[in-house]
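What follows is calculated from the coordinates using simple rules that are stated; it is not laboratory data. In this text the structure is predicted, and so the values were computed from the model without any measurement. When we count neighbours, we look across all protein chains shown, and the Cβ atoms used for this are built from the backbone with ideal geometry, even at glycine.
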Amino acid sequence: MKMKVLILVIFFLTAGLSSKVEAQATELAQLALNIEKLAQFKQILADLKKGYEILSGGYKTIKDLSEGNFNLHKVFLDGLLEVSPTVKKYKRVADIVDYQIMLVKEYKAALARFKTSGWFSVDELDYISKVYDNLFTLSVKNLDDLLTVVTAKKLRMSDDERLKAIDKIFEDMEDKLVFLRSFNNSNSILMGQRLKESNEIKGMQHYYK
């Protein structure tokens, strides 16, 4: 009987010791795993820091280069915003303004003449007025474009580019004036034809009375 009790005590002691050993082994394994993860985490942090330093250094290099490039061209770019006397005194600048004045005077005089002639219908006069209004609007845009080209600080252009832009505006304005005169001439011819036809009809009516 005593022997059985002794065996049972030894068994439980051995079982308890075995459980403690297993628990300690598990704890040691977990600790080793945690240490390994900590080392990996430290390596990740070190890699991130190194990457940031490289990125930061690269950004600074790019920033310095871009600022240096900007400073290198700043004087040149600012110079393009200035308008030289050569541009401001260019003959076609005054010619463009003169053309716009002529265009307004000529279309107003022509419209008044067509209205008082009595040879155009209301619809025809409305159409003629719309043509003049459109020409006037476009000519004002030409003047706005001219003002932009010859005003300092508005456009980054060289003198040569400004002169070419002025030439184009001049040609546009000249085309409008040529069209206006052709349009007025066509209407004047039409008015003359109607006057002639009216006179012929009156003559025939007088002849057959």
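Numbers for the structure displayed
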item	result
Over 19 Å between alpha carbons, listed pairs K108/K168; K89/K176; K88/K153; K91/K168	K108/K168; K89/K176
Using a Förster distance of 30 Å, the FRET efficiency for I101-N199 (Cβ separation, nearest 0.05)	0.25
